[in-house]
Structure formats: C-alpha cells, structure tokens
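Notes to accompany the following structure.
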Amino acid sequence: MRFGLRVAVPVLALLIAPFAVAAETVRWDDQVSSFNLDNGMEVVVIEDHRAPVVVHMLWYRAGAADEKPGVSGVAHFLEHLLFKATDTLESGEFSKTVAANGGSGNAFTSQDYTGYYQRVAADRLELMMQMEADRMVNLKITEADILTEREVIIEERNQRTENDPGALFGEQANAALYLNHPYGVPIIGWRHEMETLGLQDTLAYYEQFYAPNNTVLIVAGDVTPEEVKVLAQRHYGPITANPELPARARPQEPEHNAARRLVFEDARVAQPYVRRSYLAPERDSGDQKTAAALMLGAALLGDGQTSVMTQKLQFEEKSAVYATAFYRGTSLDNTQFTTVVVPVPGVSLREAEDNMDRVIQEFMDGPIDLAHLDRIKRNMRAQEIYAKDNVQGLANKFGRALTAGLTVKDILEWPDVVESVTEADIKAALSKVLEDSLSVTGWLTSDAETVK
C-alpha cells in the first residue's frame, strides 16, 4: 500500500519541512500566485484581504471517469468515506472539528475531479491543512464503514436518480452519446455495480489517486503566497509522491457515423420535452477559441429571454414554454453541446423537435445579431469582474479548470479569448458540431401516444 511518509506526527513534519523546497512562486496578477511543491503538488493562492476568512480547497485529478470498469461510483463512494477515521481522527471528527472552529466544509465528485473544501477564519488555515494532509495518506476504513456508507450512496441514487424521470432520461442519453468514453457512465455509478462496491475496490482507488502529485491545492482569501507556502511545505511537503501514478489516458471516442435516438417513457413525467446533445470539443490548454465560440453560440441560441430559441419559440410562436442551449467546455475530454425544447400543451414532441431544428437552421443560415453578441460579451466580462468578490467561486473556477488540463495562464486569458471571437468563429465552430452523426436526440414523455 502506498502510504509514503505519514503525517500524523506534527513534530516530524516540522523537522522535515525545511528540507522540502518549493519551486519559485509565480505571481500572475495582483490577486493570483502559484507554485509547486517538490512532491508534485500544485498550489494556487488567490488573495482577498477584505475579510479575515480563507477557503481551503484540495482538488484531486481523479473522478468518475478515472474508475476501472466494473466499479462505477467508487470515486464518489471514496469521497464519502474520507470523512471516516484516520490514524489521528475518529470517524466524523474531521467535520466536527471544522464546525467547532466556526467553519463549514464539504466535498464533491465529478467526472474529472474530486474536491474537498473548508471555509474558515484565516487563523484556522493551518489546522485545515493538517487534517487534510492526514486523510490523504492515513485513512482507516473498515468493512463496517463500507456496509454503512454503501447504503448511504444507494439511497442517494434513489433520491436523486431513481425518483426523477428526468435524471434517468439524462443518464440514458449520456450513455448513448458516449460510445466508448467513460463519460457515459454516471458519476454516482450504475446501481448494480454500486451494490457490490467493497473495501478493496475503494482502497485501490485511494492508493492510486490520492497522492500529492495528483492534487491541486487552492487557498483563497486573507492570506499571502508566502504564508501558504510555509504551511503547505510543513503539512503537505513531507508526503511522498506516488511514482506509479498513471497518465490520464481514458478510452476515447471512435468516429461517430450515425445519429442516435431514444424515447424514455415514464408515467411520472409531468412535462414532456425534447433534448438533443452533440459530441463537442472541450476547452484545451493553449487552444481555447473553439470552446469560446461554442459557448457564445450556445448563449446566442438559448441563454435567456433575448436568445434566438426563446424569442422565436416561446414569445413569437408560443409553441414552447421553455427553450435553451448550453455548452460546458471545461472538461478533460470531449464534452457536449445540448439543446432542449419544452412544448406547450397540445404541441407534440415531433412538432417540438421540428420547430427546434427549423429555428437552429435559420440561425445558421442567417447573420448573427452583432448587437446581441456584444451584449453577451459585455455581460460575461462583467461577470468575470463581479466574480472577484467571491473567493470560493474563484477557487471553484480555478479548481475545475486546472483538473481539466488547463493552466493558470489559460484561465486568466479566457476573458480575452472570449472577447476575440467573431461571428465567423461561432458559425465555423457550430457547423462542425451540429452534425446529425454526432447527436443523440431524446424524447421524455409519459404518454405513448405523444411518441407516435
């Protein structure tokens, strides 16, 4: 088992820390700095000295898409189990300690990352690092923990997925979109595999991925890079890197040669709708313009009341109660471009799909409203500025991007990349994505007659 140097004894950490020298700190602007520890941990510091509060976030470059076949849900399962006992903490003591120090915290799992965070007073930062470093290597989980927490995640699936026809429909649509990539497997896991998750499955994932050379530490708030560097070297620096950490090479998609369709019928559906997802390129380091163009294209088509789909289908033709388009480009591998139309009563799903296709084709055939595009860009620029007031939101933005293969430079350059996108860029990006062969079209309905 890969435990390396344990960090349960603070004195030992203090003795070793002076010999672990981090790389030189890079200051990117007046708020963001970064450096690396010798064991491979990447550290980003986002300064905001207006309140004596810090957000401490530890992001692992491992999520559901990094699981081995047959153990879907183990990444999320381990996230739950990390709040159990360690060599120095009793089960549940981590969260109790955070709360006792006036803080809050939680964790989350996605396809590309698992994250743990605490929001505390600035003078409690070292305690958070000490506990987080401890559970990175000293987790003690038992068969009893497995049995108890496995029931918890199964019940979570019951509540969030099994009891929601829309969630079940989305799960099936994702599985149809990804022919080979693990993004087609739900983050929470397939139920039949969740029911058999065991101690060895969980420890194997923990031993492989929970290592400093697979993490990004983000500290945002009332701190300086110098303070964070001292504490990070003291608590994370002594932990041994995992030399056997594999490259993040997932199975990739083959060429998609045929459009796919599905109908999900469930008596619980109150509002039928049409959803179409296209396989789309993600936002790549050093090459973000296509992603920016797709993001702006989605905003023009279906983001808000002034968007093309909403104006045409909802307000002018009154054939839909809701219409939207969205693109989430921050992803390690190929992502999705999705459109949704919810028809008004009396409009069939076939008519809703035809209406959606017609409006999108009209958008592609005609000129883009440049005034609308400028408004969207101004709004996005304003959101970037306002976001500086939310250190937890900034920490989240950096963590998601860095665990998806982007760099600090990419993140800071993103607003300028978005600003540089032209009408021609948007049309070119959309024309490559909005291909039938790249699509999965789904109907969610409660009435078989609607499908016919």
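The values are calculated or read from the model by the stated rules, or taken from the named source; none is laboratory data. Quick caveat, the model's predicted, so the values are computed rather than measured. Please note: Cβ atoms are built from the backbone with ideal geometry, for glycine as well, and neighbour counts cover all protein chains shown. Heavy atoms of the whole protein, side chains included, go into the accessibility calculation; ligands, DNA and RNA do not. Shrake-Rupley method; radii C 1.70, N 1.55, O 1.52, S 1.80 Å.
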Contour minus Cα-Cα span, residue 369 to residue 31, at 0.36 nm per residue, comes to 118.1 nm
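Hey, got a sec? Which GluC sites (Glu not before Pro) in the stretch 299-356 land in a DSSP loop and have at most 16 other Cβ atoms within 10 Å? Could you put the intermediate results ahead of the total?
Values: sites: 316, 317, 351, 353; in loops: 317.
Qualifying residues, ordered by number: 317.
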Scoring only Lys, Arg, Asp and Glu (+1, +1, -1, -1) among other residues with Cβ under 15 Å from the Cβ of residue 257 yields -2
Rounded to the nearest whole number, the Stokes-Einstein translational diffusion coefficient of the chain at 37 °C and 0.692 mPa s (Kirkwood radius, C-alpha pairs) in µm²/s is 138
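Could you size up the charge dipole of the chain around its Cα centre, putting +1 on the beta carbon of Lys and Arg and -1 on that of Asp and Glu, and report it in debye to the nearest 20?
Working: 43 positive and 66 negative charges, 41 e Å.
For this selection, approximately 200 debye.
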Within the under-10-Å Cβ sphere about residue 154, not counting residue 154, Lys/Arg +1 and Asp/Glu -1 give a net charge of -3
Listed by chain and number, the lysines with an alpha carbon less than 29 angstrom from that of residue 318, same-chain partners under 8 positions apart left out, are 377, 427, 452
Here the stretch 192-326 gives, from Cα atoms, an Rg and Dmax in Å of 23.5, 64
Using alpha carbon centers only, the stretch 191-231 is separated from the stretch 92-146 by a whole-angstrom value of 10
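Evaluate E = 1/(1 + (r/R0)^6) for residue 265 and residue 357, where r is the Cβ-Cβ distance and R0 equals 25 Å; express this FRET efficiency to the nearest 0.05. Please report the intermediate quantities before stating the final value.
Values: r = 22 Å, r/R0 = 0.89.
Taking R0 as 25 Å, the efficiency between residue 265 and residue 357 is 0.65.
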As straight-line cross-link partners of residue 68, the qualifying aspartates and glutamates (C-alpha separation under 15 Å, not fewer than 8 residues apart within one chain) are 112, 193, 201, 207
Between the Cα axis of helix 349-365 and the main Cα principal axis of the chain, the angle (0 to 90°, nearest 10) is 80
Any aspartates and glutamates whose Cα falls less than 12 Å from that of residue 289, other than same-chain ones fewer than 8 residues away, would be 410, 413, 416, 419, 425
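Mean shadow of the stretch 323-452, computed from the convex hull of its alpha carbons, in nm²?
Details: hull surface 42.6 nm².
With every direction weighted equally, the projected area is 10.6 nm².
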With every protein chain kept in place and a 1.4 Å probe, the chain has an accessible area per residue in Å² of 43
